[in-house]
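First the structure, in the form of structure tokens, and then the observations on it.
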Amino acid sequence: MSLDATLTALAEPTRRRVVERLRERPHASGELALAFSMSAPAMSRHLRVLRLNGLVEEQRKGQVDARLRVYRLRKQPFVQLRDWAAEVEKFWSDELASFKEHAESNKKEKRP
């Protein structure tokens, strides 16, 4: 999945909160709906977006009820997101270091 798809899926606050909840452990869709005081169909729509964009995966729990779906996070999209954020952070760290060097050299030149 692409970084753009990850960022698009996470742009919605409820989906970010679902991801935070899934960091604790896998959850059934019904548990998530209850936790967010949301209807099951509304939660299903959020989970569908997360699933189609590769952030979560669904597993059916047992033979008893094929409708029971448990969701858990997938690692790869978050690794991509972390790596991208690290690159952006490095860019700004380098920029700030260059600015500091420039400011210090100007300060030394202005001393009598």
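Readers should treat all values here as calculations from the given coordinates under stated rules, not as data from a laboratory. Values in this document were obtained by computation on a predicted structure and should not be read as measured data. Here Cβ is always computed from backbone atoms with ideal geometry, including for glycine, and neighbour counts include all displayed protein chains.
If R0 equals 22 Å, the separation of the Cβ atoms of residue 42 and residue 72 corresponds to a calculated FRET efficiency of about 0.60.
As a ratio to 2.2 N^0.38 Å, the alpha-carbon radius of gyration for the stretch 25-88 is 1.29. Report the normalised scattering of the stretch 3-110 as log10 I(q)/I(0) at q = 0.23 Å⁻¹, calculated by the Debye formula with identical scatterers on the alpha carbons. At q = 0.23 Å⁻¹ the computed log10 ratios are -1.21.
Each other residue within a Cβ distance under 9 Å of residue 36 adds +1 if Lys or Arg and -1 if Asp or Glu, for a net charge of +2. Approximating the spin labels as points 7 Å out from Cα along Cα→Cβ, the residue 85-to-residue 58 distance works out to 2.7 nm. Tally Lys/Arg at +1 and Asp/Glu at -1 over every other residue whose Cβ is under 12 Å from the Cβ of residue 77; what's the total? Neighbour charge sum, excluding residue 77 itself: +1.
Once both labels are positioned 7 Å from their Cα atoms along Cα-to-Cβ, the gap between residue 5 and residue 24 label points is 2.8 nm.
Size of the stretch 6-62 from its Cα atoms: along the principal axes, largest to smallest, the extents are 31, 23, 21 Å. Neighbours of residue 8 by Cβ distance under 15 Å: Lys/Arg scored +1, Asp/Glu scored -1, total +3.
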